[in-house]
Amino acid sequence: MLVHRNVANLVDPSDSNAMSVIHFAVTELQVRHIVVCGHYMCGGIKAAMERELDAPLGSWLQQIRVLASKHKKELEAIDNLDGRFRRLVELNVLAQCKTVVNLTLIQELIRGKGFPTVHGWVFNMHTGELVDLNFQP
């Protein structure tokens, strides 16, 4: 198992650390499953939802604001703030899975070897439950 963590579980193709971790995992370690695992009560998602933030955090979390804007109707249809927050956590995990699966290296490996498989999960810290979002590329 190889773990990479950052604020709000973002997969940014310009982040050389994240790209190095993914590259090492799939080319050197032959990792067959990549898990993007967010968690309910994520401070990064909450901060992006609630207020403007100074650099560098504000620019890092801009991706979350764009995602929330893209799903504005769906999020506004949820009648409570906690429910919106939870859904944005899920939407973020799915978006990051899509970013991973669309990386050129990952696409080449999937076509050539049939792996890795990308999974999107959310950890519920209150219950200990791991929610599989059933990511489909």
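Give the residues of segment 82-120 that are of a type in the set (A, V, I, L, M, F, W, C) and closer than 17 Å to residue 31 by Cα, sorted by residue number.
Applying the first criterion (of a type in the set (A, V, I, L, M, F, W, C)) to segment 82-120 yields 85, 88-89, 91, 93-95, 97, 100-101, 103, 105-106, 109-110, 115, 118.
Within segment 82-120, 97, 100, 101, 103, 105, 106, 109, 110, 115, 118 qualify.
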- Message: I want to confirm something. Restricting to segment 36-53 and keeping residues that are in contact (Cβ under 8 Å) with a residue 12 or more places away in the chain and assigned to a loop (DSSP other than H, G, I, E, B), which single residue is nearest to residue 21 (Cα to Cα)?
- Response: 42
- Item | Sole exception among (1) within 14 Å of the chain's Cα centre (by Cα); (2) surrounded by fewer than 11 Cβ atoms within 10 Å (Cβ to Cβ) for residue 61, by number | (2)
- Note down all Cβ pairs under 7 Å where the first residue falls in segment 63-86 and is more than 23 Å from residue 6 (Cα to Cα), the second is small (Gly, Ala, Ser) and at pLDDT 95 or above, and they're at least six residues apart or on different chains. 75/68
- Taking into account only those residues within segment 85-129 that are in a helix (DSSP H, G or I) and of a type in the set (Asp, Glu), which is surrounded by the fewest Cβ atoms within 10 Å (Cβ to Cβ)? 108
- Query: Which ones in segment 94-137 are out of contact with any Phe, Trp or Tyr (no Cβ under 7 Å at 6 or more places or on another chain), hydrophobic (A, V, I, L, M, F, W, C) and closer than 14 Å to residue 37 by Cα?
  - Reply: 95, 100, 121, 123, 135
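The values are calculated or read from the model by the stated rules, or taken from the named source; none is laboratory data. These numbers come from a predicted model, not from an experiment. All Cβ positions, glycine included, derive from the backbone under ideal geometry; neighbour counts span all protein chains shown.
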